[in-house]
Amino acid sequence: MHRPPQPRPLTPTVRTGPPRRGRRGALAALAAASTAALVLLGAVPASAVPLWHGAASGGTAVFAGNECPAPGALSIETDGAGDYFRFQKSVGTYRCEVRGVRVDGTGYAFAENATYWVGWEQNLGFTSTGPEGDWVSWQWKSYPNADQNYPLLMRVDNGRLYLTYVAPGGVWTTLWSTPVEAGIWNDIALGIHTSSSETGGWVELYYNGIQQTFSDGSTRYTGRTWDSANQPKWGAYDRDNTAYEIVNRVRDPRIGTTLGDVS
């Protein structure tokens, strides 16, 4: 992952704080309200059962691959709300990430022309307010890289969280951003319809239970979201500067085919 150099602020700031529970309940309430409406109409959907639930109690084997070189570490820790994954990218390395997921012990193969919802709670240890530049907390990564190395990224920079779409040819578009603080749990749910056509795929975003509006004024951004084969990656990846330690905490990552599956 590379991009042209950009100006950097001068003074790094590292912020830490006690983790707090995210607001996945707001998404659950939204899904419950939708279910209630369907009941009134006489159509009751099947109960929400995700394709995959990466509970930290299942250990790191719930992920298909671990890309966290020493002295960095992927560990399981706990707070008052339960277990979570702690990604610690070390000084001198680019990443501490997991790649893909395992369903019944086997790496799950995502498909083109399908709709997936990816949900998780995130607690950032570092919001990048210094010369270290931005870092990536989540990727929709292409394997092997062809026209799009990573169609979708969630980046942290200068006290903000960004959702970025990367078109073929490496053109970056910031779809959305919001202020973010270190040490606070926040809920994320991304809907992705996979397509290798630039007009066939789409993405939607819910943040702390509220559907977000993108930079073009829509709540569903159309673009190319599939390139050869794609997998989600969680963790911490600093593509510009390896001189800083970065921590990211992730709780209850889930993948399903509806918003209700990951709420």
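The values are calculated or read from the model by the stated rules, or taken from the named source; none is laboratory data. Here the structure is a predicted model, which means the values were calculated and not measured. Neighbour counts run over all protein chains shown; Cβ positions are idealised from the backbone, glycine included.
Computed quantities for the displayed model
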read-out	value
Yes/no for Ser137 being assigned to a loop (DSSP other than H, G, I, E, B), surrounded by 23 or more Cβ atoms within 10 Å (Cβ to Cβ) and touching a residue at least 24 places away in the same chain (Cβ under 8 Å)	no
Identity of the residue in region 69-89, hydroxyl-bearing (Ser, Thr, Tyr) and surrounded by fewer than 18 Cβ atoms within 10 Å (Cβ to Cβ), that ends up farthest from Trp234 (Cα to Cα)	Thr78
Long-range neighbours under 6 Å by Cβ, at least six apart or interchain, first residue touching a residue at least 24 places away in the same chain (Cβ under 8 Å) and in a loop (DSSP other than H, G, I, E, B) within region 157-170, second surrounded by fewer than 20 Cβ atoms within 10 Å (Cβ to Cβ) and among the basic types (Lys, Arg)	none
Qualifying residue in region 196-214 (condition: more than 16 Å from Val136 (Cβ to Cβ), among the polar types (S, T, N, Q), crowded, with 20+ Cβ neighbours inside 10 Å and in contact with a strand residue (DSSP E or B) (Cβ under 9 Å, 6 or more places away or on another chain))	no
Wholly within region 42-111, strands (runs of 3 or more DSSP E) carrying at least 2 residues that are closer than 24 Å to Ala229 by Cα and touching a residue at least 40 places away in the same chain (Cβ under 8 Å)	63-67, 95-103
All positions within region 215-244 that are surrounded by fewer than 17 Cβ atoms within 10 Å (Cβ to Cβ) and modelled with pLDDT of 95 or more	Ser215, Asp216, Gly217, Ser218, Thr219, Arg220
